[in-house]
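Colleague: Please read through the structure below; I'll follow up with questions.
The values are calculated or read from the model by the stated rules, or taken from the named source; none is laboratory data. Bear in mind that the values here come from a model prediction, so they are computed numbers and not experimental data. In this analysis, Cβ positions are derived from the backbone assuming ideal geometry, glycine residues included, and neighbour counts consider all displayed protein chains. For the accessible areas, the whole protein counts, side chains as well, though only heavy atoms, and no ligand, DNA or RNA atoms are used. Shrake-Rupley method; radii C 1.70, N 1.55, O 1.52, S 1.80 Å.
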Amino acid sequence: MKATGIVRRIDDLGRVVIPKEIRRNLRIREGEPLEIFVDREGAIILKKYSPLGELGGIAREYAAAISETLNKTVLIFDRDSVVAMAGAAEKDFLGKKIGRFVERAMEERRSLLLDYAKEKFGDGNIIDEDHNNSSLFFHSQLVVPIIAQGDPVGAIAVCSKEDDIGEIDRKVAQSASMVLAHQME
């Protein structure tokens, strides 16, 4: 564990305020669920709860099936990082933080298609790394948010090194998004 040097008191209702700097750094939003753990030494550990993380096995199998069907790379994100993927080297993507393009799709609650042949976006990364690593660069990226109980809980990205993402890819990704959303309700 890393010490922050911040001390907070418990109020009369048993509440503790998590400092704004920590919430911002860890991307903890108002109303976001946290899991509470207690270790053997009595330390209380708060961890962001990821409903998609709970569906890890299903998400991995779904990503593999979609990737094999479409012959493209498929990534499944929770609100913060890649939780499942297929079609590319896992070490390049698994656990990486989401990029601005994925955040935008979730914020806007709509599918976004980025095709570098047609347009350039400053926020076109699906993960929070730059395009200098050619194994992380995709010519076309389709991001579909996963909306459960009215809130964006993650996203599915279908990615291709070619500019060949079409309507079938969009329909498959939207179907997968709905199935995963229903698994969480």
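Colleague: At least 2 residues that are at pLDDT 80 or above and closer than 21 Å to Glu32 by Cα in each: list the helices (runs of 4 or more DSSP H) lying fully within segment 81-185 that qualify. I'd like the intermediate steps shown before the answer.
Modeller: Working: elements: 90-93, 100-108, 167-184.
The helices (runs of 4 or more DSSP H) meeting that bar are 100-108, 167-184.
Colleague: Pick from segment 1-47 the residues that are within 28 Å of Gln149 (Cβ to Cβ) and acidic (Asp, Glu): which of them is most open to solvent (accessible area, probe 1.4 Å)?
Modeller: Ranking the candidates gives Glu30 first.
Colleague: Give the residue that is modelled with the highest pLDDT, with candidates limited to residues of segment 55-80 that are more than 18 Å from Gln174 (Cβ to Cβ) and of a type in the set (Lys, Arg).
Modeller: Arg60
Colleague: While we're here: Can we say Met184 is within 15 Å of Arg110 (Cβ to Cβ) and either among the hydroxyl-bearing types (Ser, Thr, Tyr) or out of contact with any Asp or Glu (no Cβ under 6 Å at 6 or more places or on another chain) (or both)? Give the steps one after another, and end with the answer.
Modeller: Details: within 15 Å of Arg110 (Cβ to Cβ): no; either among the hydroxyl-bearing types (Ser, Thr, Tyr) or out of contact with any Asp or Glu (no Cβ under 6 Å at 6 or more places or on another chain) (or both): yes.
It is false that Met184 is within 15 Å of Arg110 (Cβ to Cβ) and either among the hydroxyl-bearing types (Ser, Thr, Tyr) or out of contact with any Asp or Glu (no Cβ under 6 Å at 6 or more places or on another chain) (or both).
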